[in-house]
Structure formats: C-alpha cells, structure tokens
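Working notes, structure below.
The values are calculated or read from the model by the stated rules, or taken from the named source; none is laboratory data. Computed from a predicted structure; not experimentally measured. Glycine also receives a Cβ, built like all others from the backbone with ideal geometry; neighbour counts cover every protein chain displayed. For the accessible areas, the whole protein counts, side chains as well, though only heavy atoms, and no ligand, DNA or RNA atoms are used. Shrake-Rupley method; radii C 1.70, N 1.55, O 1.52, S 1.80 Å.
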Amino acid sequence: MGKITPSMAKNAIRRALVGVVDPHPNPSQIDSLWAFFESSCAYCAKPLVRGKRDAHVDHLVPAQGGGSNHISNCVLSCSVCNGDEKREGHWESFLRTKAPDDLEFAARKGRIESWGAACAPASPLDAALLEAVNREIGAAISAFDRALDNVRRAKMARQIEQPIAD
C-alpha cells in the first residue's frame, strides 16, 4: 500500500465511525451481488474479475446524498464507471450516458431496480443516532488535526535545531 495521507486517514475515521451504525455489506451479500450482476458492471456491462482492482462495489446513492451502506444501495461497477466517471452523480442519469440505446438503458435500469427490490428492505437510519455519530466524527477529526499540528511543529522545531548539512 502506498503513502497514507492525512485526508485519507480522515476519510478512514469517517468510514469507521459511520460503519458502526451503517455497516457495509457482509461477504455473503457481496457474493449475491456478484452472482446477480453476473460479474459485470451494472452501468456499462464490462466483464469483471473478482479480486481485481477494476471491480468495485458502488453506492447508487452516495452517503453525501443520503445513501446508506445497505446492500440494496450497492451495485457491481468497473473502476472507470465508479471511480472516474460517475463519482457522486445520480446513478440513473449516469446510466443513460453509458447505455448505447434506450432498449439497453431500460434493461440495465430494470436490472438495477430488480436488485434493490430483491434485497431485504433497509431499516431507516435513526436521525438522532446519525447526528451523534457526526458529532463524534467532528470531535475525532478535530483531535486528529491537533495531533497533525503538534507533529508538524515538532518536526519544524527539530529541523531548526539540527539543520541539514549541505
């Protein structure tokens, strides 16, 4: 694994804390997702190989848009569709850009909707609980930022004490 940046660490803190109340799909659910989408991208139909970096589990509705980690909000996606093109956009609008014609759009949209309908319904997330989690995320990020500042100040002080020789 490459360098972990402070922003990556902050995202990991967010995901870890939200994951306590909104867990990601379990391995059995991921197996079902792969089987349902027949190892292909739900958006562009590209064949995918499990375990390769170009295969993603994508959130139809991102967390920033009110989506959950429930399996019904997830589809199989290639890295180009999920990571490079769709990003945080609306899945149905994005799907329209990927389907070569109206017939294929309707087929892919129907498949995605069938997946959501086949999953056990998601329990709504408690708003008060999510608010509490968000407060804790804020506190954890603030503590992390303070620690970063302390480490950077210590590093600067050390460099002043021991200048690098030419």
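Test Cys74 against the criterion of being closer than 30 Å to Ala132 by Cα and over 18 Å from the mean Cα position of the chain (by Cα), and give yes or no.
On the way: closer than 30 Å to Ala132 by Cα: yes; over 18 Å from the mean Cα position of the chain (by Cα): no.
For Cys74, the condition - closer than 30 Å to Ala132 by Cα and over 18 Å from the mean Cα position of the chain (by Cα) - is not met.
Within the stretch 96-119, being touching a helix residue (DSSP H, G or I) at 6+ places or on another chain (Cβ under 6 Å) and of a type in the set (A, V, I, L, M) holds for one residue alone: Ala99.
Scanning the stretch 124-156 for residues that are surrounded by 10 or more Cβ atoms within 10 Å (Cβ to Cβ) and either in contact with a helix residue (DSSP H, G or I) (Cβ under 9 Å, 6 or more places away or on another chain) or of a type in the set (Gly, Ala, Ser) (or both) yields a total of 20.
Consider the stretch 85-104 and keep the residues that are more than 13 Å from the chain's Cα centre (by Cα) and acidic (Asp, Glu). The one that is most open to solvent (accessible area, probe 1.4 Å) is Asp102.
Within the stretch 59-73, the set of residues being touching a residue at least 40 places away in the same chain (Cβ under 8 Å) and in contact with a strand residue (DSSP E or B) (Cβ under 7 Å, 6 or more places away or on another chain) comprises Leu60, Asn73.
Of everything listed in (1) open to solvent by less than 30 Å² (accessible area, probe 1.4 Å); (2) not acidic (Asp, Glu); (3) not in a helix (DSSP H, G or I), the single unmet condition for Ala120 is (1). What tally of residues in the stretch 1-58 results from selecting those that are closer than 30 Å to Ala143 by Cα, in contact (Cβ under 8 Å) with a residue 24 or more places away in the chain and over 16 Å from the mean Cα position of the chain (by Cα)? Qualifying residue count, the stretch 1-58: 1.
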